[in-house]
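Asks: Quick one: the structure is below, and I'll ask about it shortly.
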Amino acid sequence: MSEENRDWAEILANVDTKTKVLGLIALVAEALFVAALAVLRGQYALYALCACATILVVTIIGIVIIEVTENRARSPQGGPLTPTAGTPPSKLLNELINSAIETVCRAVSLPQTPQGAKLRVFIFRKEGNQLVCSHCWSQDPVKEQVGILRFDLNSAVAKRVAVVRAAVDDHICRTAVEPLPPDLEGSTGDVTDNLAFVLAAPIKTEGGEIWGTVDFDTASEEGKAILSAEVSNAVMFQLARHLSVIFELEPQQQKGTA
């Protein structure tokens, strides 16, 4: 193969599918017009030219519509997750949580939004031998209540509750979930009964001790597919690290303003 042919081969290999389709249709339209000129005369040749031009215009419009639709699907819609009642106000935390959720939604091939995938975010803080819900973000009303929902930190509860398992085992936990029994020992507060999947990670102090946990959960199959992707693990790991820094700095800031 000559150098020139190799250059053209590389160029064509890097052209996207829509451009290839448009080029193919343009070549077909040109060939049809040349063939029409050979057998048609006068106004019929003009008709042939108009028909070929119409084919090209319709094709271009179709490709533009497809591109716009795909771009809209890829862009996050429905607004950001908002803090629920009881969650302390923090612009930094809100931006951090929404950036993490947007990242996992964009990183997978599903054109989903946090609301469409029914994604939520919870933070649990360790208080004694319990995990207490300290923050919650969602676009819809939640059954869980900040400050009320809490779980005992032990192996028995860890078998049923992912956020406890992440703290007890000290690693990221992802699992399909079933409704918790109302009389589950070591659990206080309400938990929605239609959860499908939970991805939880421990939040550690600078000294390596467990500060608490953060979890993404979902009530939909689309959300489950998002949280099952490996990229969600990486996002959760980085989110837990950032949260650790933020919560470590909070007491220092409070002392500085006292």
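Here, each number is a calculation from the coordinates, and none is a lab measurement. Since this is a predicted model, take the numbers as computed values, not measurements. Reconstructed Cβ throughout: ideal geometry from the backbone, glycine too, with neighbour counts over all protein chains shown.
Asks: With charges set only on the Cβ (+1 for Lys and Arg, -1 for Asp and Glu), what does the dipole of region 134-258 come to about its Cα centre, in debye to the nearest 20? Intermediate results must be reported in sequence, preceding the final value.
Replies: Working: 10 positive and 19 negative charges, 51 e Å.
The calculated dipole for region 134-258 is roughly 240 debye.
Asks: When only Cα pairs under 8 Å and 6 or more residues apart are kept, what is the percent relative contact order across region 82-257?
Replies: On the way: 339 pairs, mean separation 39.3, N = 176.
It rounds to 22 percent for region 82-257.
Asks: Something else now. Report the FRET efficiency, 1/(1 + (r/R0)^6), for residue 99 and residue 178, where r is their Cβ-Cβ distance and R0 is 25 Å, rounded to 0.05. Display every interim value, and only then the final one.
Replies: Numbers: r = 31 Å, r/R0 = 1.23.
Rounded to the nearest 0.05, the efficiency is 0.25.
Asks: List 231, 245, 198, 191 from most exposed to least, where exposure is judged by having the fewest other Cβ atoms within 10 Å. The partial results should precede the final answer.
Replies: Details: 231 13, 245 10, 198 23, 191 19.
Exposure proxy ranking, most exposed first: 245, 231, 191, 198.
Asks: Along region 125-141, what does the Karplus equation 6.51 cos²θ - 1.76 cosθ + 1.60 (θ = phi - 60°) give for ³J(HN,Hα), rounded to whole Hz, x for Gly and Pro?
Replies: 10, 6, 10, x, 9, 10, 9, 10, 5, 10, 8, 8, 10, 7, 9, 10, x
Asks: Could you give the C-alpha radius of gyration of region 82-257 expressed as a fraction of 2.2 N^0.38 Å, taking N as the number of residues it contains?
Replies: Working: Rg = 15.2 Å, N = 176, 2.2 N^0.38 = 15.7 Å.
After normalising by residue count via 2.2 N^0.38 Å, the value is 0.97.
Asks: Please report the net charge: other residues with Cβ closer than 11 Å to the Cβ of residue 173, K and R +1, D and E -1. Each step should come with its number before you reach the end.
Replies: Values: positive: 165, 174; negative: 169, 170, 215.
With Lys, Arg at +1 and Asp, Glu at -1, the neighbours total -1.
Asks: While we're here: Taking other Cβ within 10 Å of each residue's Cβ, how do 133, 50, 173 sort, fewest first? Can you show the working numbers first?
Replies: Values: 133 26, 50 10, 173 22.
Least crowded to most crowded, the residues run 50, 173, 133.
Asks: Over 24 Å between C-alpha atoms is what I'm after, so list which of 91/159; 91/204; 143/224; 143/204; 126/224 land there. Walk me through the intermediate numbers first.
Replies: Details: 91/159 35 Å; 91/204 22 Å; 143/224 20 Å; 143/204 27 Å; 126/224 27 Å.
Listed pairs above 24 Å: 91/159; 143/204; 126/224.
Asks: Could you put 183, 169 in order, starting from the residue whose Cβ has the fewest other Cβ atoms within 10 Å?
Replies: Working: 183 6, 169 12.
Fewest-to-most Cβ neighbours within 10 Å comes out as 183, 169.
Asks: Stretch residue 249-residue 24 to full length: gain in nm at 0.36 nm per residue minus the Cα-Cα span?
Replies: Numbers: separation 225, 0.36 × 225 = 81.00 nm, distance 5.99 nm.
That works out to 75.0 nm of additional length.
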